[in-house]
1. Identify all residues within the range 54-71 that are of a type in the set (A, V, I, L, M) and closer than 22 Å to Ser43 by Cα; write none if there are none.
2. Restricting to the range 1-38, and then to whatever is within 12 Å of the chain's Cα centre (by Cα) and among the polar types (S, T, N, Q), can you tell me which residue is modelled with the lowest pLDDT?
3. Write out, first by first residue and then by second, each pair whose Cβ atoms fall under 6 Å of each other, whose residues are 6+ apart or on separate chains, and whose first residue, in the range 19-42, is without any contact (Cβ under 8 Å) to a residue 12 or more places away in the chain while the second is not small (Gly, Ala, Ser).
4. Cβ contacts < 7 Å: first residue in contact (Cβ under 8 Å) with a residue 12 or more places away in the chain, restricted to the range 83-94; second residue among the polar types (S, T, N, Q) and part of a loop (DSSP other than H, G, I, E, B), any location; separation 6+ or different chain. Result?
Amino acid sequence: MNQKFSKEFSYKITNEQIDNMLNEAKKGITDWTKASVANKGISRGTHWNMFCKNFNVEKEYHPVLKYRMIQEYGCFLPNELKPIKKTRTKKNKPLHQKPIF
């Protein structure tokens, strides 16, 4: 997940939305030994234990903790909450000349 989006969205997201995201991540992740997206030095399982293990919907969390959760598991957010990806279109074809040998 994009760092800028994660940081901005961490102030807006509700605990219910984070809880749904984490439940989808539990179901969707099969290899917990892969390197974390947020920190390449730890695995996804270690990241889960540090930030998401005892997530409580009623508790108020600091935006930095939410940011780390979104950064790692934001791909499990519903499509309406994900940022719109901008597509680049090529307007001009590259200049080409036949090689002279």
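1. Of everything in the range 54-71, those that are of a type in the set (A, V, I, L, M) and closer than 22 Å to Ser43 by Cα turn out to be Val64, Leu65, Met69, Ile70.
2. So, considering only residues that are within 12 Å of the chain's Cα centre (by Cα) and among the polar types (S, T, N, Q), the one modelled with the lowest pLDDT is Asn2.
3. Close Cβ pairs (under 6 Å, with a partner that is not small (Gly, Ala, Ser)) amount to Lys34/Arg44.
4. Pro83/Asn2
The values are calculated or read from the model by the stated rules, or taken from the named source; none is laboratory data. All figures in this text were calculated on a predicted structure; none of them were measured in a lab. Methodologically, a virtual Cβ is constructed for each residue, glycine included, from the backbone with ideal geometry; neighbour enumeration extends over all protein chains shown.
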